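The values are calculated or read from the model by the stated rules, or taken from the named source; none is laboratory data. Small disclaimer: the values here were computed from a predicted structure and weren't measured. Cβ sites come from the backbone with ideal geometry, for glycine too, and all protein chains shown count toward neighbours. Quick note on the areas: whole protein, heavy atoms, side chains included, nothing else; ligands and nucleic acids left out. Shrake-Rupley method; radii C 1.70, N 1.55, O 1.52, S 1.80 Å.
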Amino acid sequence: MKAEIVTHAGLTLNLADLKCIKFSIFGNTNTMTFEFKTRYDYVRHPETGEFEKQEYNEKTEIEFPDYDSAVQYRYEFEQIWQDYLRKK
């Protein structure tokens, strides 16, 4: 899939690697989590010298000071991602 790099709310993402966007509220903390598709790499085991497949599950989180701004940014990020998905 072709990379599409976007910057919004001070966060730069490759939309081609994005798996999901989660929004959570715990107490006074409003957090948006961006989970990325699993990626694999091969690393050499230091003791055996053999290459082993390593799985990486990465995520990025942004905290917002209040609920209203968090909801607004969530909506904007969802629109950006939906536009990307429609184009491909």
Segment 44-62, residues that are open to solvent by less than 80 Å² (accessible area, probe 1.4 Å) and touching an Asp or Glu at 6+ places or on another chain (Cβ under 6 Å): H45, Q54
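Among the residues in segment 22-40, are any aliphatic (A, V, I, L, M), open to solvent by 50 Å² or more (accessible area, probe 1.4 Å) and out of contact with any Asp or Glu (no Cβ under 6 Å at 6 or more places or on another chain)? Working first, answer last.
To start, the set of residues in segment 22-40 that are aliphatic (A, V, I, L, M) comprises 25, 32.
Checking which are open to solvent by 50 Å² or more (accessible area, probe 1.4 Å) leaves us with 25.
Checking which are out of contact with any Asp or Glu (no Cβ under 6 Å at 6 or more places or on another chain) leaves us with 25.
Looking for residues that are aliphatic (A, V, I, L, M), open to solvent by 50 Å² or more (accessible area, probe 1.4 Å) and out of contact with any Asp or Glu (no Cβ under 6 Å at 6 or more places or on another chain), one finds at least one in segment 22-40, hence yes.
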Given (1) farther than 18 Å from C20 by Cα; (2) at pLDDT 95 or above, index of the condition P46 fails: (2)
